[in-house]
Amino acid sequence: MAKGLTTEELDAMTDAELLEKLRDSKKEAFNLRFSAVTHRLEDQGRLKEVRRDIARIYTIKRERELGIRTAPAAE
(Lines give C-alpha, C1' and ligand atoms only; values in the text may rest on other atoms or scores of the structure.)
Protein backbone atom coordinates (compact mmCIF):
# COMPACT_ATOMS: atom_id res chain seq x y z
CA MET A 1 0.00 0.00 0.00
CA ALA A 2 1.24 3.48 -0.79
CA LYS A 3 2.49 5.68 2.01
CA GLY A 4 1.45 8.87 0.25
CA LEU A 5 -1.55 11.06 0.87
CA THR A 6 -5.01 9.97 -0.13
CA THR A 7 -7.47 12.20 -1.92
CA GLU A 8 -9.81 11.94 1.07
CA GLU A 9 -7.11 13.37 3.35
CA LEU A 10 -6.38 16.18 0.90
CA ASP A 11 -10.07 16.91 0.35
CA ALA A 12 -10.52 17.41 4.10
CA MET A 13 -7.81 20.10 4.19
CA THR A 14 -8.49 23.79 3.86
CA ASP A 15 -6.85 25.84 1.11
CA ALA A 16 -4.21 27.15 3.52
CA GLU A 17 -3.38 23.64 4.69
CA LEU A 18 -3.11 22.48 1.06
CA LEU A 19 -0.65 25.26 0.28
CA GLU A 20 1.43 24.37 3.33
CA LYS A 21 1.43 20.68 2.37
CA LEU A 22 2.39 21.61 -1.20
CA ARG A 23 5.29 23.70 0.06
CA ASP A 24 6.49 20.86 2.31
CA SER A 25 6.17 18.29 -0.48
CA LYS A 26 8.14 20.45 -2.90
CA LYS A 27 10.93 20.82 -0.32
CA GLU A 28 10.96 17.07 0.23
CA ALA A 29 11.04 16.42 -3.53
CA PHE A 30 14.01 18.78 -3.89
CA ASN A 31 15.88 17.03 -1.09
CA LEU A 32 15.10 13.60 -2.53
CA ARG A 33 16.30 14.62 -5.99
CA PHE A 34 19.49 16.02 -4.47
CA SER A 35 20.02 12.78 -2.56
CA ALA A 36 19.46 10.75 -5.73
CA VAL A 37 22.11 12.71 -7.60
CA THR A 38 24.65 12.24 -4.81
CA HIS A 39 23.77 8.52 -4.61
CA ARG A 40 22.56 8.72 -1.01
CA LEU A 41 18.88 8.01 -1.72
CA GLU A 42 17.85 4.76 -0.03
CA ASP A 43 14.15 4.61 -0.95
CA GLN A 44 13.79 5.19 -4.69
CA GLY A 45 10.02 4.82 -4.50
CA ARG A 46 9.64 7.75 -2.13
CA LEU A 47 10.52 10.25 -4.86
CA LYS A 48 7.73 8.85 -7.03
CA GLU A 49 5.26 9.04 -4.11
CA VAL A 50 6.12 12.67 -3.37
CA ARG A 51 5.73 13.65 -7.03
CA ARG A 52 2.32 11.99 -7.10
CA ASP A 53 1.32 13.75 -3.87
CA ILE A 54 2.22 17.08 -5.46
CA ALA A 55 0.11 16.21 -8.50
CA ARG A 56 -2.82 15.25 -6.25
CA ILE A 57 -2.60 18.57 -4.41
CA TYR A 58 -2.60 20.51 -7.68
CA THR A 59 -5.59 18.47 -8.87
CA ILE A 60 -7.60 19.18 -5.71
CA LYS A 61 -6.75 22.89 -5.95
CA ARG A 62 -7.84 23.06 -9.60
CA GLU A 63 -11.06 21.14 -8.96
CA ARG A 64 -11.92 23.62 -6.21
CA GLU A 65 -11.29 26.52 -8.61
CA LEU A 66 -13.63 24.96 -11.16
CA GLY A 67 -16.29 24.16 -8.57
CA ILE A 68 -16.00 20.40 -8.93
CA ARG A 69 -14.98 20.01 -5.29
CA THR A 70 -15.74 22.25 -2.37
CA ALA A 71 -13.39 23.24 0.40
CA PRO A 72 -14.36 22.24 3.93
CA ALA A 73 -16.34 24.89 5.79
CA ALA A 74 -14.24 27.19 7.95
CA GLU A 75 -15.09 26.79 11.61
In Å², and per residue, what accessible area does the stretch 7-66 have when probed at 1.4 Å with the other protein chains present?
71 Å²
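Would you work out the relative contact order for the chain, in percent, from Cα pairs under 8 angstrom that are 6 or more residues apart? Numbers along the way, then the final one.
Values: 43 pairs, mean separation 36.9, N = 75.
Relative CO of the chain lands at 49 percent.
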Surface share of carbon and sulfur [accessible, 1.4 angstrom probe, percent] for the chain
53 percent
Which loop trypsin sites (Lys or Arg not before Pro) in the chain, with loop taken from DSSP, have no more than 10 other Cβ atoms within 10 angstrom of their Cβ?
K3, R40
Expressed as a whole number of Å, what is the distance separating the alpha-carbon centroids of the stretch 7-23 and the stretch 42-75?
7 Å
At a Cα cut-off below 16 Å, give the aspartates and glutamates reachable from K27, other chains included and same-chain residues fewer than 8 away excluded.
E17, E49, D53
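The values are calculated or read from the model by the stated rules, or taken from the named source; none is laboratory data. From a predicted model like this one, the values you see are computed outputs, not experimental measurements. Ideal geometry is used to build each Cβ from the backbone, glycine not excepted, and the neighbour counts take in all protein chains shown. Just the protein is used for accessible areas: all its heavy atoms, side chains included, with ligands, DNA and RNA removed. Shrake-Rupley method; radii C 1.70, N 1.55, O 1.52, S 1.80 Å.
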